[in-house]
Amino acid sequence: MPLRFRSVPVPGASFCDSSSLVRTRTSRLRGAPRRAGRAGALALGVALTALLLPPTRVFADATVVVELKRPDGSSAEGTVQLTKGDTKYRCSTDKAGRCELRGVTGGIYTVSVEQSGRAAPKDKSVVIPPSGEVKLIVNAS
(Lines give C-alpha, C1' and ligand atoms only; values in the text may rest on other atoms or scores of the structure.)
Protein backbone atom coordinates (compact mmCIF):
# COMPACT_ATOMS: atom_id res chain seq x y z
CA MET A 1 0.00 0.00 0.00
CA PRO A 2 1.50 3.36 -1.07
CA LEU A 3 2.03 6.17 1.42
CA ARG A 4 -0.20 9.21 1.11
CA PHE A 5 0.45 12.71 2.40
CA ARG A 6 -2.22 15.22 3.12
CA SER A 7 -1.95 18.99 3.45
CA VAL A 8 -2.40 20.50 6.86
CA PRO A 9 -3.09 24.26 7.02
CA VAL A 10 -0.41 26.27 8.83
CA PRO A 11 -1.27 29.72 10.24
CA GLY A 12 0.64 32.44 8.40
CA ALA A 13 1.61 30.24 5.44
CA SER A 14 -0.17 30.49 2.13
CA PHE A 15 0.40 26.84 1.37
CA CYS A 16 1.81 23.95 3.32
CA ASP A 17 5.26 22.75 2.45
CA SER A 18 8.36 22.44 4.55
CA SER A 19 10.02 25.61 3.18
CA SER A 20 7.06 27.89 3.95
CA LEU A 21 6.72 26.36 7.38
CA VAL A 22 10.38 27.06 8.16
CA ARG A 23 10.31 30.56 6.70
CA THR A 24 7.18 31.50 8.58
CA ARG A 25 8.35 30.27 11.91
CA THR A 26 11.92 31.56 11.50
CA SER A 27 10.81 35.06 10.53
CA ARG A 28 8.45 35.27 13.49
CA LEU A 29 10.92 33.96 16.02
CA ARG A 30 14.06 35.73 14.83
CA GLY A 31 12.80 39.02 13.33
CA ALA A 32 14.28 41.50 15.82
CA PRO A 33 17.68 39.84 16.31
CA ARG A 34 18.13 39.58 12.54
CA ARG A 35 17.72 43.37 12.15
CA ALA A 36 20.33 43.96 14.83
CA GLY A 37 22.58 41.46 13.08
CA ARG A 38 22.23 43.33 9.79
CA ALA A 39 23.25 46.62 11.44
CA GLY A 40 26.25 44.92 13.02
CA ALA A 41 27.22 43.33 9.71
CA LEU A 42 26.94 46.72 7.99
CA ALA A 43 29.16 48.35 10.62
CA LEU A 44 31.69 45.55 10.27
CA GLY A 45 31.66 45.92 6.48
CA VAL A 46 32.27 49.67 6.69
CA ALA A 47 35.11 49.19 9.16
CA LEU A 48 36.79 46.54 7.00
CA THR A 49 36.43 48.70 3.90
CA ALA A 50 38.09 51.62 5.68
CA LEU A 51 40.96 49.40 6.81
CA LEU A 52 41.51 47.90 3.37
CA LEU A 53 41.52 51.19 1.44
CA PRO A 54 44.96 52.48 0.52
CA PRO A 55 46.16 55.36 2.69
CA THR A 56 45.65 58.79 1.19
CA ARG A 57 47.42 62.01 1.98
CA VAL A 58 45.35 64.99 2.98
CA PHE A 59 46.83 68.39 2.31
CA ALA A 60 45.68 71.80 3.28
CA ASP A 61 46.21 74.42 0.62
CA ALA A 62 49.22 76.74 0.84
CA THR A 63 49.36 80.35 1.99
CA VAL A 64 51.58 82.49 -0.23
CA VAL A 65 53.05 85.65 1.32
CA VAL A 66 54.12 87.94 -1.51
CA GLU A 67 56.75 90.67 -1.23
CA LEU A 68 57.12 92.97 -4.22
CA LYS A 69 60.64 94.51 -4.39
CA ARG A 70 62.28 97.01 -6.72
CA PRO A 71 65.78 96.32 -8.10
CA ASP A 72 67.27 98.53 -5.36
CA GLY A 73 65.61 96.40 -2.65
CA SER A 74 62.90 98.88 -1.66
CA SER A 75 59.28 97.76 -1.47
CA ALA A 76 56.89 98.48 -4.32
CA GLU A 77 53.13 98.67 -4.72
CA GLY A 78 51.38 96.68 -7.42
CA THR A 79 49.22 93.68 -8.23
CA VAL A 80 50.65 90.16 -8.32
CA GLN A 81 48.88 87.32 -10.08
CA LEU A 82 49.58 83.57 -9.97
CA THR A 83 48.19 81.65 -12.95
CA LYS A 84 47.96 77.89 -13.57
CA GLY A 85 45.70 77.06 -16.53
CA ASP A 86 42.28 78.57 -15.79
CA THR A 87 43.13 79.02 -12.10
CA LYS A 88 44.15 82.52 -11.03
CA TYR A 89 45.07 84.00 -7.66
CA ARG A 90 45.49 87.76 -7.42
CA CYS A 91 46.43 90.21 -4.66
CA SER A 92 47.40 93.87 -4.41
CA THR A 93 50.33 94.82 -2.23
CA ASP A 94 50.17 97.45 0.49
CA LYS A 95 52.67 100.29 0.92
CA ALA A 96 55.13 97.84 2.47
CA GLY A 97 54.98 95.79 -0.76
CA ARG A 98 53.24 92.79 0.87
CA CYS A 99 50.08 90.83 0.23
CA GLU A 100 48.84 87.34 1.05
CA LEU A 101 47.12 84.65 -1.02
CA ARG A 102 45.33 81.94 0.95
CA GLY A 103 44.07 78.58 -0.26
CA VAL A 104 46.53 78.21 -3.14
CA THR A 105 46.67 74.62 -4.42
CA GLY A 106 50.12 73.21 -5.09
CA GLY A 107 51.62 73.28 -8.57
CA ILE A 108 53.64 75.26 -11.08
CA TYR A 109 52.36 78.82 -11.53
CA THR A 110 53.26 81.78 -13.73
CA VAL A 111 53.81 84.97 -11.72
CA SER A 112 52.92 88.27 -13.36
CA VAL A 113 53.14 91.79 -11.93
CA GLU A 114 51.14 94.90 -12.80
CA GLN A 115 52.21 98.35 -11.60
CA SER A 116 50.56 101.62 -12.49
CA GLY A 117 52.78 103.82 -14.64
CA ARG A 118 55.53 101.19 -15.01
CA ALA A 119 56.37 98.53 -17.55
CA ALA A 120 55.56 95.01 -16.41
CA PRO A 121 58.54 92.78 -15.65
CA LYS A 122 58.91 89.48 -17.47
CA ASP A 123 56.66 86.68 -16.16
CA LYS A 124 58.38 83.98 -14.09
CA SER A 125 57.47 80.41 -13.16
CA VAL A 126 57.33 79.30 -9.53
CA VAL A 127 56.53 76.05 -7.76
CA ILE A 128 54.03 76.28 -4.91
CA PRO A 129 54.01 73.30 -2.50
CA PRO A 130 50.69 71.63 -1.66
CA SER A 131 50.60 72.99 1.90
CA GLY A 132 52.30 75.32 4.34
CA GLU A 133 53.35 78.93 4.13
CA VAL A 134 55.47 80.17 1.24
CA LYS A 135 57.33 83.47 1.06
CA LEU A 136 57.49 84.67 -2.55
CA ILE A 137 59.75 87.63 -3.32
CA VAL A 138 58.81 89.11 -6.68
CA ASN A 139 60.97 91.58 -8.60
CA ALA A 140 59.15 94.72 -9.68
CA SER A 141 60.22 96.99 -12.53
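General remarks:
- At least 2 residues being free of Cβ contacts under 8 Å to residues at least 12 places away in the same chain and under 26 Å from the mean Cα position of the chain (by Cα) is the threshold, and among the strands (runs of 3 or more DSSP E) wholly inside the stretch 58-141 those reaching it are 87-92.
Residue by residue, here is whether (1) surrounded by 12 or more Cβ atoms within 10 Å (Cβ to Cβ); (2) of a type in the set (D, E, K, R); (3) at pLDDT below 95 holds:
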{"site": "LYS84", "(1), (2), (3)": "yes, yes, no"}
{"site": "TYR89", "(1), (2), (3)": "yes, no, no"}
{"site": "LEU101", "(1), (2), (3)": "yes, no, no"}
{"site": "ARG118", "(1), (2), (3)": "yes, yes, yes"}
{"site": "VAL134", "(1), (2), (3)": "yes, no, yes"}
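The values are calculated or read from the model by the stated rules, or taken from the named source; none is laboratory data. As the structure is a computational prediction, the values presented were derived from the model and not from experiment. Note: ideal-geometry Cβ built from the backbone for every residue, glycine included; neighbour counts use all protein chains shown.
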